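Okay, so here's the structure we're looking at.
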Amino acid sequence: MLAGFDVTHADQASRRQVTDSIAVTMLREGTDDELSAMLIDFEPGAVFGEELHQTPEVLFVLEGEFHDGQQIHLAGTLITATAGSVHWPQSETGCRLLVLYPDGMAGE
């Protein structure tokens, strides 16, 4: 491994169900001010509910269709959310997201 690099493979990362239809695979769990990264899988019809962001969030739709409560975002879409923003994560068809918290997950 090269010095200064941290490598995680999704198949070896911890996975947990946050609801019956939404699972999170934690790729990197940073401290309060370090990058956190995860994969989030929504089964068809999954709804998370209102989410208020205490820190910035970056989402990339890897597969499927992600609905933020107002708009449907297709695979290949990058979404950035500022601290204080609100959305209602859900997916009618199912989707897989790469989610990054550049400043860590304090308060999330």
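Please list 3J(HN,Hα) in residue order for the range 63-80, calculated via the Karplus relation 6.51 cos²θ - 1.76 cosθ + 1.60 where θ = phi - 60°; whole Hz, with x for glycine and proline.
9, x, 10, 9, 10, 9, x, 10, 9, 8, 10, 8, 3, x, 8, 9, 10, 10
Consider all pairwise Cα distances in the range 1-86 and report the whole-number % of them above 17 Å.
When all Cα pairs of the range 1-86 are counted, 58 percent exceed 17 Å.
What order do you get for 91-98, 16-23, 5-12 when each peptide is scored by the mean count of other beta carbon atoms within 10 Å, highest first?
Put in order of decreasing packing, that is 91-98, 16-23, 5-12.
Using θ = phi - 60° and the Karplus form 6.51 cos²θ - 1.76 cosθ + 1.60, what ³J(HN,Hα) does each residue of the range 89-99 get, whole Hz, x for Gly and Pro?
Those phi angles translate into x, 6, 7, 6, 9, x, 6, 10, 10, 9, 10 Hz.
Within 10 Å of each candidate Cβ there may be at most 16 other Cβ atoms; applying that plus a DSSP loop requirement, which GluC sites (Glu not before Pro) in the range 1-80 survive?
Glu29, Glu34, Glu50
Using amide H atoms built 1.01 Å from N in the peptide plane, name the residues 5+ places from Ala75, or on other chains, whose amide H lies under 5 Å from its own.
Distant-sequence amide H within range of Ala75: Gly64.
Averaged per residue, what accessible surface does the range 1-107 expose to a 1.4 Å probe, in Å²?
So the range 1-107 comes to 61 Å² accessible per residue, rounded to a whole number.
How large a share of the accessible area of the chain, in percent, is made up of carbon and sulfur atoms when the probe is 1.4 Å and the other protein chains stay in place?
Within the chain, the accessible surface is 51 percent carbon and sulfur.
The values are calculated or read from the model by the stated rules, or taken from the named source; none is laboratory data. Remember, predicted model here, so these are calculated numbers, not experimental data. Backbone-built Cβ (ideal geometry, glycine too); neighbour counts: all protein chains shown. These accessible areas exclude ligands, DNA and RNA; they are computed on the full protein's heavy atoms, side chains included. Shrake-Rupley method; radii C 1.70, N 1.55, O 1.52, S 1.80 Å.
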